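Structure, as structure tokens:
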Amino acid sequence: VQLQASGGGLVQPGGSLRLSCAASGSIFSINHMGWYRQAPGEQRTLVATITASGNTNYANSVKGRFTISRDNAKNTVYLQMSSLKPEDTAVYYCNAILRTPYIGSYWGQGTQVTVSS
């Protein structure tokens, strides 16, 4: 199983970015998918998660600015980020709880998001 993340980059404060993460391999089903981030010198923290049925959960710091969604047919999760702030700068990692048929937690390789003028 592999999770491939893309879409990071450099953006000015107030700008937008869209991250994507596609899961591939011998996957029976995917339960939760989510995004986490890790800034330099800090621990990895939750940004947003989404269940297979579409229920979402967000960190307070991104509520109203970020939107998580998924395409179950493509085994892909997205993170639409708007009104970006310098404090959103971090490496963003996607995560999936999936069955292969054994349940496991899988991580993508991380994509850098830098918010700076």
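Before moving on, here are some points about what is shown:
- Between L10, Y93, C21, the Cα set farthest toward the positive side of the dipole of the chain (charges on each charged residue's Cβ, about the Cα centre) is that of C21.
- Per residue accessible area of the chain, 1.4 Å probe, in Å²: 52
- For the chain, carbon and sulfur atoms together expose 47% of the accessible surface, with a 1.4 angstrom probe and every protein chain in place.
- Relative contact order for the chain, counting Cα pairs under 8 Å that sit 6 or more residues apart, in percent: 37
- Selection from V115, T51, S105, by position along the positive dipole direction of the chain (Cβ): T51
- Net charge, M81 excluded, C-beta distance under 14 Å - Lys, Arg +1, Asp, Glu -1: +3
- Alpha-carbon Rg/Rh ratio, for the chain, with Rh computed the Kirkwood way: 0.97
- Here region 1-92 is assigned +1 on the Cβ of each Lys and Arg and -1 on the Cβ of each Asp and Glu. Its dipole about the Cα centre then comes out at about 120 debye.
- Around T56: net Lys/Arg minus Asp/Glu count, Cβ-Cβ under 15 Å: +2
The values are calculated or read from the model by the stated rules, or taken from the named source; none is laboratory data. Predicted, not measured: the structure shown is a model, and the values here were computed from it. Please note: Cβ atoms are built from the backbone with ideal geometry, for glycine as well, and neighbour counts cover all protein chains shown. For the accessible areas, the whole protein counts, side chains as well, though only heavy atoms, and no ligand, DNA or RNA atoms are used. Shrake-Rupley method; radii C 1.70, N 1.55, O 1.52, S 1.80 Å.
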